[in-house]
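J.: My structure is below; once you've seen it, I'll send some questions.
What follows is calculated from the coordinates using simple rules that are stated; it is not laboratory data. Computed from a predicted structure; not experimentally measured. Note: ideal-geometry Cβ built from the backbone for every residue, glycine included; neighbour counts use all protein chains shown.
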Amino acid sequence: MKTCPSCGSHRVVRSETKDWEIFIGDVKIVYDKVEDHCQDCDDRGDFGAENDGRIEKAIKKAGLVKLLCPECEVSMYAELVGWIERTFFKGKEFRFNACAYRCTMCDELFDTAETMDRSLAAARAALKEDQ
Ligand SMILES: [Zn+2]
Ligand SMILES: [Zn+2]
């Protein structure tokens, strides 16, 4: 049973709003929002902190990860983005799938050890295929 943080009442009615939208930077996150409503003092809120876990799950589902953004200089949510990179090697054009993380706050693209490895592996595979 939930307790109202304002008056200590147990007469709390829980409701859910489907597909509630919030924004992490410029990325839309959708989750089912919980709201508790105290029947005695009319206070409303997430008394059991249920939304925190739901938001965390929705963020994960959206593919966002917390990374240190070199531009913001703090930990920010970033999403993995990919594109076709064109490069020239010995006068020939090669294309491969490159990737990097994009900061949802400042839009900065930056690499991590993981994205560097992935891009490098893709570039190597493209060169190899040609031989
Ligand atoms: Zn209350
Ligand atoms: Zn940033």
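J.: Output the 0 to 90 degree angle, nearest 10, between the alpha-carbon long axis of helix 113-130 and the longest principal axis computed from the alpha carbons of the chain.
T.: In the chain, helix 113-130 runs at an angle near 40 degrees to the longest axis.
J.: Oh, and also: For the ranges 71-83, 15-27, what's the packing order if you count other beta-carbon atoms within 10 Å of each residue, average per peptide, and put the highest first?
T.: For the peptides 71-83, 15-27, the packing ranking is 71-83, 15-27.
J.: Would you grab the residues whose amide H sits under 5 Å from the one on Thr112? Only those 5+ places off in sequence or on another chain, please, with H modelled 1.01 Å from N.
T.: Amide H neighbours of Thr112: Tyr101.
J.: Using the Karplus curve 6.51 cos²θ - 1.76 cosθ + 1.60 with θ = phi - 60°, work out ³J(HN,Hα) for each residue of segment 19-33 in order, rounded to whole Hz, and write x for Gly and Pro.
T.: 6, 6, 10, 10, 10, 9, x, 10, 9, 7, 10, 10, 8, 8, 7
J.: What shape does segment 65-130 have by the C-alpha gyration tensor, where a ≥ b ≥ c are the square roots of the eigenvalues, rounded means a/c under 1.5, and otherwise prolate means a/b greater than b/c and oblate the rest?
T.: Since a/c reaches 1.5 and a/b is larger than b/c, the shape of segment 65-130 is classed as prolate.
J.: Would segment 13-76 count as rounded, prolate or oblate if I go by the C-alpha gyration tensor, calling it rounded below 1.5 in a/c and otherwise prolate when a/b exceeds b/c, oblate otherwise?
T.: Cα axes put segment 13-76 in the prolate bin.
J.: Rounded to the nearest 0.05, what FRET efficiency is calculated for Glu35 and Asp111 with R0 set to 30 Å and r the Cβ-Cβ distance?
T.: About 0.15, to the nearest 0.05.
J.: Angle check, please: helix 50-61 long axis (alpha carbons) against the longest principal axis of the chain (alpha carbons), in degrees 0 to 90, nearest 10.
T.: Taking the Cα atoms of the chain, the angle to 50-61 is about 20 degrees.
J.: Would you calculate a helix-derived [θ] at 222 nm for the chain, using -39,500 (n - 2.57) for each DSSP H run of n ≥ 4 and dividing by the full residue count, to the nearest 500?
T.: Helices in the chain give a 222 nm mean residue ellipticity of -7500 deg cm²/dmol.
J.: While we're on this one: Using every Cα-Cα pair within the chain, state what percent have a distance larger than 25 Å.
T.: Cα-Cα pairs of the chain separated by over 25 Å account for 51 percent.
J.: Separate question: Sequence gap at least 6, Cα distance under 8 Å: using those rules, report the relative contact order of segment 25-80 to the nearest whole percent.
T.: This gives 26 percent for segment 25-80.
J.: Using each residue's phi in segment 87-94, evaluate 6.51 cos²θ - 1.76 cosθ + 1.60 at θ = phi - 60° and report the 3J(HN,Hα) Karplus result to the nearest Hz, with x for Gly and Pro.
T.: 9, 10, 9, 6, x, 10, 8, 10
J.: Name the long-range amide H neighbours of Asp32: under 5 Å, sequence gap of 5 or more, or other chain; modelled H, no Pro or chain starts.
T.: Close amide H contacts, sequence-distant or interchain: Asp19, Trp20.
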